[in-house]
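The values are calculated or read from the model by the stated rules, or taken from the named source; none is laboratory data. Just so you know, these numbers come straight off a predicted model, no measurement behind them. Cβ sites come from the backbone with ideal geometry, for glycine too, and all protein chains shown count toward neighbours. Note: accessible area is taken over every heavy atom of the protein model, side chains too, but ligands, DNA and RNA are not part of it. Shrake-Rupley method; radii C 1.70, N 1.55, O 1.52, S 1.80 Å.
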Amino acid sequence: MKTNIEIDKGAGPCFGVQRAIGMAEGLLKEREELACLGDLIHNDEEIERLKKSGLHIISHCQLAEQSKKELLLRAHGEPPSTFRIAANFEIDLVDATCPIVKQLQKQMNEASKKMEEQNGQLILFGDLYHAEVMALKGYCRGDLHCVSKVEDLASLNSKKPTMFFSQTTKYQSDYHEIINAFRKKRVKEHASDFSLEVIDSACKQVAKRDLQLVDFLKDKEVLIFVSSRKSSNGNYLFNVGKKKVKAAYFISNPSELQKSWFKFYRKIGISGATSTPLWLLEETNLRLREMLM
Ligand code: SF4
């Protein structure tokens, strides 16, 4: 059986992830060690690689130990409270928050003030415990309602001015589904007179990755998807991709590959999340070639 292995050209780290890794690497060239608050990005393999160069991860409850020392902030951003605590402990912050996330923090801060003035509500389509969402909450006055699925809309009041935002790594198709469901709820509850603003805040670096992945898989039988299991973007893309092939496997490391997966199918596509480094996709490609060719 002829084996064909191809890496998805659309895969690889997004601009924000590349920037954060570049900042960490640049700093580690000049010092023995560097502390980072939480995972710099959502990819364990990349974090392990940086740890070998001196990166170490600390949690929020260890901030006091960083007093008067340097601290790198992750790509997903931090709430204002982190900056206040850091100032109290005279921590020297190096902020690797993605500029697109920074922009969203600013936009949501302004939107929350506007909704407060109008007795309205701010809704975010996102994952409640995702680092980006937890940070965004800190920039909003009043309550931020977080919804991750259509069912979550049931408990919301439709009779209020409303502004909708999306977590940067959410996909437009899912966001539209939520918005359409909310519009229907408003009609049903006679609330269509209240203002509704829908802000397209999904990151353009990921907005069409699902469609690109589907296109890449057009002539593939097997998908090998490389990502950290912590990556919501990775889990989403894998679920999109697995419907398009005969077999799909989610791995975080090439050592997880098994020859038996390729007994019947040899048209193999390798793809990954926006936080998956290119070197990991290349290593997966090499391992597969050694195994099958
Ligand atoms: S997905 Fe977009 S917003 Fe998120 S880190 Fe990457 S470039 Fe920034």
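Gain on full extension, evaluated as 0.36 nm per residue between residue 155 and residue 247 minus their Cα-Cα distance, stands at 29.3 nm.
Can you give the extra length, in nm with one decimal, that the chain gains between residue 53 and residue 218 once fully stretched, where that is 0.36 nm per residue apart less the Cα-Cα distance? Write out the running numbers ahead of the final one.
Values: separation 165, 0.36 × 165 = 59.40 nm, distance 3.96 nm.
Between residue 53 and residue 218, full extension yields an extra 55.4 nm.
Whenever you get a sec, line up 261, 279 from highest to lowest accessible area (probe 1.4 Å, protein heavy atoms).
Working: 261 40, 279 80 Å².
Result, largest first: 279, 261.
Residue separation times 0.36 nm, minus the C-alpha to C-alpha distance between residue 259 and residue 93: what's the value?
On the way: separation 166, 0.36 × 166 = 59.76 nm, distance 4.62 nm.
Taking 0.36 nm per residue and subtracting the Cα distance, the gain is 55.1 nm.
Which entries of 102/184; 149/208; 113/137; 149/220; 102/242 have Cα-Cα distances beyond 25 Å here? Before the final figure, lay out the partial values.
Details: 102/184 32 Å; 149/208 20 Å; 113/137 13 Å; 149/220 30 Å; 102/242 33 Å.
Going by Cα-Cα distance, 102/184; 149/220; 102/242 fall outside the 25 Å limit.
Remind me, what semi-axes does the stretch 121-234 give for its equivalent ellipsoid, largest first in whole Å, using sqrt of 5 times each Cα gyration tensor eigenvalue? Please list the in-between numbers first.
On the way: eigenvalues 175, 60, 26 Å².
Largest first, the stretch 121-234 gives 30, 17, 11 Å.
Normalising the average separation of contacting C-alpha pairs (under 8 angstrom, six or more residues apart) by the number of residues puts the relative contact order of the stretch 44-133 at 26 percent. Counting only protein chain heavy atoms and rolling a 1.4 Å probe, the accessible areas of 7, 179 rank, largest first, as 7, 179. With q set to 0.17, 0.29 Å⁻¹, the log10 of I(q)/I(0) for the stretch 170-236, from the Debye formula over equal scatterers at the Cα positions, is -0.77, -1.29.
Estimate the FRET efficiency between residue 192 and residue 279 by the formula 1/(1 + (r/R0)^6), using the beta-carbon distance for r and 51 Å for R0, to the nearest 0.05. It comes out at approximately 0.50.
Suppose R0 equals 22 Å; then what is the FRET efficiency for residue 110 and residue 183 from their Cβ-Cβ distance, rounded to the nearest 0.05? Mind dumping the intermediate values first?
Working: r = 24 Å, r/R0 = 1.08.
Calculated transfer efficiency: 0.40.
The base-10 log of I(q)/I(0) for the stretch 198-293, evaluated at q = 0.12, 0.17, 0.19, 0.23 Å⁻¹, reads -0.37, -0.71, -0.88, -1.25 [Debye formula, identical scatterers on Cα atoms, solvent excluded].
Note on the stretch 1-144: Cα-only Rg and Dmax are 18.0, 67 Å. The heavy atoms of residue 85 present about 70 square angstrom of accessible area, all protein chains included, probe 1.4 Å.
Once Rh for the chain is found with the Kirkwood sum over Cα pairs, what is the Stokes-Einstein diffusion coefficient at 37 °C and 0.692 mPa s, in µm²/s? Could the numbers behind the result be given before it?
Working: Rh = 20.8 Å.
It diffuses with D of about 158 µm²/s by this estimate.
At 1.4 Å probe radius, can you tell me the per residue accessible area of the stretch 15-97 in Å²?
Working: 4010 Å² over 83 residues.
Using a 1.4 Å probe on heavy atoms only, each residue of the stretch 15-97 averages 48 Å².
A Stokes-Einstein calculation at 37 °C with viscosity 0.692 mPa s, built on the Kirkwood radius of the stretch 63-197 over Cα pairs, returns a diffusion coefficient of 204 µm²/s.
Rounded, prolate or oblate, given the Cα gyration tensor of the stretch 22-66, with a/c below 1.5 counting as rounded?
Numbers: a/c = 2.11, a/b = 1.24, b/c = 1.71.
Note, shape of the stretch 22-66 comes out oblate.
Please list, by residue number, everything in the stretch 258-277 whose backbone N is under 19 Å from a paramagnetic label point 7 Å out along Cα→Cβ of residue 292. Counting only backbone N, you get 258-273.
Within the stretch 93-178, report the chymotrypsin sites (Phe, Trp or Tyr not before Pro) that DSSP leaves as loop and that have at most 10 other Cβ atoms within 10 Å.
Working: sites: 125, 129, 139, 164, 165, 171, 175; in loops: 129, 139, 171.
Counting only loop positions with at most 10 other Cβ atoms within 10 Å, the chymotrypsin sites (Phe, Trp or Tyr not before Pro) in the stretch 93-178 are 129.
Across the stretch 138-293, the relative contact order, built from alpha-carbon pairs under 8 Å that are at least six residues apart, equals 21 percent.
Set against the 2.2 N^0.38 Å expectation for a compact globular protein, the stretch 15-97 has a Cα radius of gyration ratio of 1.00. Here the accessible area of the chain is 50 percent carbon and sulfur, with a 1.4 angstrom probe and all protein chains present.
Please identify the longest segment of the chain free of exposed GluC sites (Glu not before Pro), where exposed means a DSSP state other than H, G, I, E or B and no more than 15 other Cβ atoms within 10 Å. Provide the component values of the computation, followed by the final result.
Numbers: sites that count: 32, 33, 90, 189.
Value returned for the longest uninterrupted segment is 190-293.
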